[in-house]
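The values are calculated or read from the model by the stated rules, or taken from the named source; none is laboratory data. Not measured: the values here are computed from a predicted model. Heads up, the Cβs are rebuilt from the backbone with ideal geometry, glycines too, and the neighbour counts pull from every protein chain shown. Heads up: the accessible areas ignore ligands, DNA and RNA and are worked out on the full protein's heavy atoms, side chains in. Shrake-Rupley method; radii C 1.70, N 1.55, O 1.52, S 1.80 Å.
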Amino acid sequence: DLQHYFIQSNLSIMSSVLDSVLTLLSDKKVLISLGVGAAGALLTLKLTTPYLDKNRRGAVQLYCNNHTNIVEPTELVKLRQVTAQHPWGIMESTQDVGQLLVFFMRMLKAKTVVEVGSFTGVAALKMALELPEDGKVFALDTNADYADIGKPMIAKAGLSSKVEHRIAPALDSLVTLKDEGYEGKVDLCFIDADKNNYPNYYKLCLDLLRPGGVIVFDNSLYGGQVVSKVESVPACFIHETNEKASVDSRVTSMLLTIGDGCLILRKNEE
């Protein structure tokens with residue numbers, strides 16, 4: 001039973017219209033076409049029952065995870081477990097995001113990595129495992145207590161020399177890295193810090209990135225709020241970053257639904 005709705009709308013009310021329709025028709029297959037702007041361009045979203053059914057969607061995610069060869073050493077598994085028990089453990093990236101980082105580390109043969117928002121160091125440890133002997137992950141965070149949680153496991157994995165924690169506001173640390181000569185030399189940036197500063201991290205990390213290097217933003221869908229509550233904070237700043245990436249000629253970008261959304265940028269060669 002396919003129901004078709006044509007809604008002449010504009011971007012400012014699109015989110016509320018979608019919310020209303022989905023509330024009414026969440027148990028059916030829906031095809032929604034939205035007319036946007038004076039040009040009357042059509043944006044078509046096909047939303048089916050499996051997508052709307054959270055249980056089935058969770059089963060699909062579990063299937064994907066079970067068919068991904070995620071290999072993690074004991075130290076990383078233990079750090080994930082400790083982090084999960086932390087009051088702010090929800091801030092840790094999911095395993096599929098970690099696997100995405102492994103892909104880029106290996107494809108780029110990454111040697112110099114910047115993590116903005118390291119928390120307990122799960123992602124830093126994950127990436128450090130992929131580094132050559134002279135590689136380095138700069139793990140940026142404002143909270144030394146978070147970093148101290150992960151340091152013993154990083155040390156036990158024999159990777160202390162490859163993970164350099166910098167405890168300061170990330171914007172300051174990124175400027176410092178630039179001053180230290182890392183502009184145009186970083187292979188991979190992973191950004192999972194305060195969302196209000198995503199547009200600023202975009203600018204500074206792109207300066208640090210080498211041509212062909214990659215930036216990964218986590219939480220780029222923010223639980224769907226970039227659609228349903230796009231004017232709220234911090235969804236508006238995440239949306240601004242996503243919008244910037246989609247029109248920036250300096251990068252090739254893609255927004256993926258992995259985890260809570262990952263915005264991927266590859267810096268184009270000059």
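Figures for the structure shown
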{"item": "Of the criteria (1) within 17 Å of LEU79 (Cα to Cα); (2) in contact with a strand residue (DSSP E or B) (Cβ under 6 Å, 6 or more places away or on another chain); (3) open to solvent by less than 40 Å² (accessible area, probe 1.4 Å), which one LEU140 fails", "result": "(1)"}
{"item": "Residue within region 209-221 that is free of Cβ contacts under 8 Å to residues at least 24 places away in the same chain and within 24 Å of MET91 (Cα to Cα) present", "result": "no"}
{"item": "Evaluation of ASP96 against (1) modelled with pLDDT of 95 or more; (2) open to solvent by 10 Å² or more (accessible area, probe 1.4 Å); (3) closer than 24 Å to SER220 by Cα; (4) not basic (Lys, Arg) (one fails), failing number", "result": "(1)"}
{"item": "Positions within region 231-245 being in a loop (DSSP other than H, G, I, E, B) and either under 17 Å from SER93 (Cα atoms) or open to solvent by 40 Å² or more (accessible area, probe 1.4 Å) (or both), in sequence order", "result": "GLU231, VAL233"}
{"item": "Residue among GLY158, GLY121, GLY181, GLY223 that is open to solvent by 20 Å² or more (accessible area, probe 1.4 Å), at positive phi and under 21 Å from the mean Cα position of the chain (by Cα)", "result": "GLY223"}
{"item": "Residue in region 246-265 that is at pLDDT 95 or above, crowded, with 16+ Cβ neighbours inside 10 Å, among the hydrophobic types (A, V, I, L, M, F, W, C) and in a helix (DSSP H, G or I) present", "result": "no"}
{"item": "So LEU101, is it assigned to a helix (DSSP H, G or I), in contact (Cβ under 8 Å) with a residue 24 or more places away in the chain, surrounded by 17 or more Cβ atoms within 10 Å (Cβ to Cβ) and touching a Phe, Trp or Tyr at 6+ places or on another chain (Cβ under 7 Å)", "result": "yes"}
{"item": "Answer residue from region 189-201, given it is touching a residue at least 60 places away in the same chain (Cβ under 8 Å) and buried (at least 19 other Cβ atoms within 10 Å of the Cβ) and is farthest from CYS236 (Cα to Cα) among those", "result": "CYS189"}
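Residue by residue, here is whether (1) free of Cβ contacts under 8 Å to residues at least 40 places away in the same chain; (2) out of contact with any helix residue (DSSP H, G or I) (no Cβ under 6 Å at 6 or more places or on another chain) holds:
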| residue | (1), (2) |
| --- | --- |
| THR83 | no, no |
| THR94 | no, yes |
| MET105 | no, no |
| ALA128 | yes, no |
| ASN143 | yes, yes |
| ASP172 | yes, yes |
| VAL175 | yes, yes |
| VAL186 | no, no |
